[in-house]
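S.K.: Pasting in a structure now, in structure tokens, and then I'll have a few things to ask.
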């Protein structure tokens with residue numbers, strides 16, 4: 001079973017939900033969650049449930065007590081100080097403290113190929129719908145923290161974009177593309193370095209057939225040990241073939257300890 005989760009506390013989320021219902025022939029069911037109707041459909045032989053929650057998505061840790069999915073896709077708003085129009089994907093979880101939901105030190109399982117499919121579809125929709133939006137991976141951050149493949153497909157980064165029905169449609173199509181997974185599996189990578197929105201890793205996914213799972217940004221590289229590298233690799237749905245380093249996006253003081261940590265892990269390292 002695949003679970004798509006929307007939140008009543010999130011304008012963008014509810015707009016994306018509406019686009020899913022409009023474009024994808026969901027059927028009503030007698031089931032409810034948080035008092036809200038659950039929409040269902042079958043896709044590629046699997047049951048797909050569209051669920052609406054009454055809490056913020058990042059604090060929905062308990063949802064896993066009620067559903068037993070193979071994949072969870074959160075449709076969500078994205079916020080940033082810049083307010084730059086952005087369509088983005090990422091896996092949730094916390095490498096350290098759980099300051100915004102989830103469990104301390106626990107990252108969800110990253111569905112690399114599904115996230116890349118969503119990213120590719122966002123790029124297609126940007127062109128087809130003439131959207132002036134940035135397409136980007138985000139680093140792994142915030143809750144929830146699940147032992148299930150989990151991803152966020154987001155619309156941001158300000159109330160103006162959250163209300164944009166055309167951009168919401170693009171994210172809806174991206175969420176469905178993540179489920180359908182029509183492209184060939186890509187070279188799965190774990191990314192380290194660079195900003196919260198990593199343009200280099202995004203280009204690698206869109207142009208060079210790489211699919212990223214977890215991404216650790218520049219401001220957390222100092223905390224990356226061999227154990228964390230192993231954890232990020234183990235908590236990726238597919239086999240990780242490459243650790244990609246945004247080399248210029250790593251502080252000089254962090255480079256030597258990081259290289260030492262990577263030598264303890266048997267995986268190809270590529271500087272980009």
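S.K.: Return the only residue of 96, 143, 105 being within 20 Å of residue 11 (Cα to Cα) and either touching a residue at least 12 places away in the same chain (Cβ under 8 Å) or part of a loop (DSSP other than H, G, I, E, B) (or both).
M.R.: Values: 96 fails: within 20 Å of residue 11 (Cα to Cα); 105 fails: within 20 Å of residue 11 (Cα to Cα).
Only one candidate passes the filter, namely 143.
Residue-wise test of (1) at pLDDT 95 or above; (2) surrounded by fewer than 17 Cβ atoms within 10 Å (Cβ to Cβ); (3) out of contact with any strand residue (DSSP E or B) (no Cβ under 6 Å at 6 or more places or on another chain); (4) closer than 13 Å to residue 174 by Cβ.
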site	(1), (2), (3), (4)
21	yes, yes, yes, no
53	yes, no, no, no
83	no, yes, no, no
91	yes, no, no, no
101	yes, no, yes, no
117	yes, no, yes, yes
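S.K.: Could we say that residue 167 is in a helix (DSSP H, G or I) and either in contact (Cβ under 8 Å) with a residue 60 or more places away in the chain or in contact with a strand residue (DSSP E or B) (Cβ under 7 Å, 6 or more places away or on another chain) (or both) here? Explain how you work it out, then say what you get.
M.R.: On the way: in a helix (DSSP H, G or I): yes; either in contact (Cβ under 8 Å) with a residue 60 or more places away in the chain or in contact with a strand residue (DSSP E or B) (Cβ under 7 Å, 6 or more places away or on another chain) (or both): yes.
So residue 167 fits the description; yes.
S.K.: Hey, another quick one. Counting only residues that are more than 18 Å from the chain's Cα centre (by Cα), within 19 Å of residue 56 (Cβ to Cβ) and assigned to a loop (DSSP other than H, G, I, E, B), which one in the range 146-164 is modelled with the highest pLDDT? So that I can check it myself, show each step before the final result.
M.R.: Within the range 146-164, the first condition is being more than 18 Å from the chain's Cα centre (by Cα), and the residues that meet it are 158-161, 163-164.
With within 19 Å of residue 56 (Cβ to Cβ) added as a condition, the list becomes 158-159, 161, 163.
Those still in the list that are assigned to a loop (DSSP other than H, G, I, E, B) too: 158, 163.
On the way: 158: 94, 163: 97.
In this case the residue turns out to be 163.
S.K.: Shifting gears a bit: Against the condition outside any strand (DSSP E or B) and more than 19 Å from the chain's Cα centre (by Cα), how does residue 172 come out, does it pass? Full working, then the answer.
M.R.: Values: outside any strand (DSSP E or B): yes; more than 19 Å from the chain's Cα centre (by Cα): no.
Taking the combined requirement at face value, the residue does not satisfy it.
S.K.: Quick check, is residue 259 in a strand (DSSP E or B) and farther than 25 Å from residue 86 by Cα? Outline the logic, then answer.
M.R.: Working: in a strand (DSSP E or B): no; farther than 25 Å from residue 86 by Cα: yes.
Against the criterion (in a strand (DSSP E or B) and farther than 25 Å from residue 86 by Cα), residue 259 does not qualify.
S.K.: Evaluate the following for residue 270: is it surrounded by fewer than 18 Cβ atoms within 10 Å (Cβ to Cβ), in a helix (DSSP H, G or I) and within 23 Å of the chain's Cα centre (by Cα)?
M.R.: No, not satisfied.
Results for (1) within 20 Å of residue 106 (Cβ to Cβ); (2) touching a strand residue (DSSP E or B) at 6+ places or on another chain (Cβ under 8 Å); (3) assigned to a strand (DSSP E or B), shown as yes or no for each residue.
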| position | (1), (2), (3) |
| --- | --- |
| 185 | no, yes, no |
| 189 | no, yes, yes |
| 214 | yes, yes, yes |
| 230 | yes, no, no |
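S.K.: Looking at the range 192-207, which of its residues are assigned to a loop (DSSP other than H, G, I, E, B) and surrounded by 24 or more Cβ atoms within 10 Å (Cβ to Cβ)? Reasoning before the result, please.
M.R.: Kept after step one, since they are assigned to a loop (DSSP other than H, G, I, E, B), are these residues of the range 192-207: 193-196, 198.
Across the range 192-207, the qualifying residues are 193, 194, 198.
S.K.: If you take the residues in the range 23-50 that are assigned to a loop (DSSP other than H, G, I, E, B) and farther than 16 Å from residue 63 by Cα, which one is modelled with the highest pLDDT? Give the steps one after another, and end with the answer.
M.R.: Within the range 23-50, the subset assigned to a loop (DSSP other than H, G, I, E, B) is 24-26, 34-35, 44-45.
If we keep only those that are farther than 16 Å from residue 63 by Cα too, we end up with 24-26, 44-45.
On the way: 24: 96, 25: 93, 26: 92, 44: 87, 45: 89.
My answer is 24.
S.K.: While we're here: Which residue, of 262, 245, 258, is in contact (Cβ under 8 Å) with a residue 60 or more places away in the chain and crowded, with 17+ Cβ neighbours inside 10 Å?
M.R.: 258
S.K.: Quick one: is residue 183 out of contact with any helix residue (DSSP H, G or I) (no Cβ under 9 Å at 6 or more places or on another chain) and within 22 Å of residue 136 (Cβ to Cβ)? Break it down stepwise before answering.
M.R.: On the way: out of contact with any helix residue (DSSP H, G or I) (no Cβ under 9 Å at 6 or more places or on another chain): no; within 22 Å of residue 136 (Cβ to Cβ): yes.
Against the criterion (out of contact with any helix residue (DSSP H, G or I) (no Cβ under 9 Å at 6 or more places or on another chain) and within 22 Å of residue 136 (Cβ to Cβ)), residue 183 does not qualify.
The values are calculated or read from the model by the stated rules, or taken from the named source; none is laboratory data. This structure is a prediction, so every number in the text was calculated from the model and none was measured. Note: ideal-geometry Cβ built from the backbone for every residue, glycine included; neighbour counts use all protein chains shown.
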